[in-house]
1. Could you please give the count of residues in region 90-118 that are of a type in the set (D, E, K, R) and closer than 20 Å to ALA23 by Cα?
2. Could you tell me which of the residues SER135, SER103, SER112 is surrounded by 21 or more Cβ atoms within 10 Å (Cβ to Cβ), among the small types (Gly, Ala, Ser) and within 15 Å of the chain's Cα centre (by Cα)?
3. If the requirement is being touching a Gly at 6+ places or on another chain (Cβ under 9 Å), aromatic (Phe, Trp, Tyr) and either closer than 18 Å to ARG157 by Cα or modelled with pLDDT under 95 (or both), which of these qualifies: TYR131, TYR101, TYR110?
4. Looking only at region 32-43, which residues are surrounded by 20 or more Cβ atoms within 10 Å (Cβ to Cβ) and either touching a residue at least 60 places away in the same chain (Cβ under 8 Å) or among the aliphatic types (A, V, I, L, M) (or both)?
5. Please go through region 34-90 and pick out each residue that is of a type in the set (A, V, I, L, M) and in a loop (DSSP other than H, G, I, E, B).
6. Identify all residues within region 1-33 that are part of a helix (DSSP H, G or I), more than 17 Å from SER103 (Cα to Cα) and of a type in the set (Val, Ile, Thr); write none if there are none.
7. Taking the conditions exactly as written (basic (Lys, Arg), surrounded by 14 or more Cβ atoms within 10 Å (Cβ to Cβ) and modelled with pLDDT of 95 or more), does ARG145 satisfy them or not?
8. Would you point out the residue of region 2-22, among those that are free of Cβ contacts under 8 Å to residues at least 60 places away in the same chain and not charged (D, E, K, R), that is surrounded by the most Cβ atoms within 10 Å (Cβ to Cβ)?
Amino acid sequence: MSETPWIAGPIAIRRDVLDAIRAHAIESYPSECCGLATGPATDASLVDAASRETNEADKYHRLDPEQFPRTSREYFKINELRAQKAFIRGREGGQPVKLIYHSHCDAGDYFSAEDAATFAQEGQLTWPCAYLVVSVREGVAISQRVWVHVPGTNDFREAELCIV
């Protein structure tokens with residue numbers, strides 16, 4: 001964990017970065033948005049940039065609705081290869097991915113059972129980051145919270161989110 005202290009929180013996110021994430025969530029509504037947020041390796045809690053990713057849930061749903069029964073309205077699927085490359089690039093460039101973000105449409109900013117099943121398996125965290133969830137109701141971003149993995153479990157807990 002010492003190489004990735006942000007996975008335990010707290011997270012300090014720049015106001016303009018949070019505003020950009022919230023704008024992405026509003027623009028994507030009524031679909032969930034998703035993306036990655038990074039920060040300097042030298043400041044464990046700081047998140048100072050974000051990049052949008054494409055929610056591939058509808059594509060997978062069209063291809064195999066039995067295996068992927070949920071659409072982008074209630075689920076997000078990030079391109080795993082692109083995400084893996086971003087994690088490697090960030091680590092090597094001193095600007096690691098510290099957050100995966102996504103929105104919930106007409107629902108709260110909780111970390112769902114589906115989210116937990118996607119990002120922790122057999123007590124291990126899938127990606128070395130924290131998770132930001134933005135609640136969007138009727139096209140308006142209402143709130144957001146950061147969630148971090150509870151080591152040794154498949155559970156997540158809320159972590160402190162500071163806006164700087």
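1. Summing the residues that are of a type in the set (D, E, K, R) and closer than 20 Å to ALA23 by Cα in region 90-118 gives 3.
2. SER103
3. From the options TYR131, TYR101, TYR110, the qualifying one is TYR101.
4. If the condition is that a residue be surrounded by 20 or more Cβ atoms within 10 Å (Cβ to Cβ) and either touching a residue at least 60 places away in the same chain (Cβ under 8 Å) or among the aliphatic types (A, V, I, L, M) (or both), then GLU32, CYS33, CYS34, GLY35, LEU36, ALA37, THR38 are the ones that fit.
5. ALA41, ALA44, ILE78
6. Correct list: ILE7 only.
7. Criteria met by ARG145.
8. VAL17
The values are calculated or read from the model by the stated rules, or taken from the named source; none is laboratory data. These numbers were taken from a predicted model, which means no experiment stands behind them. As a convention, Cβ positions derive from the backbone with ideal geometry for all residues, glycine included, and neighbour counts pool all protein chains shown.
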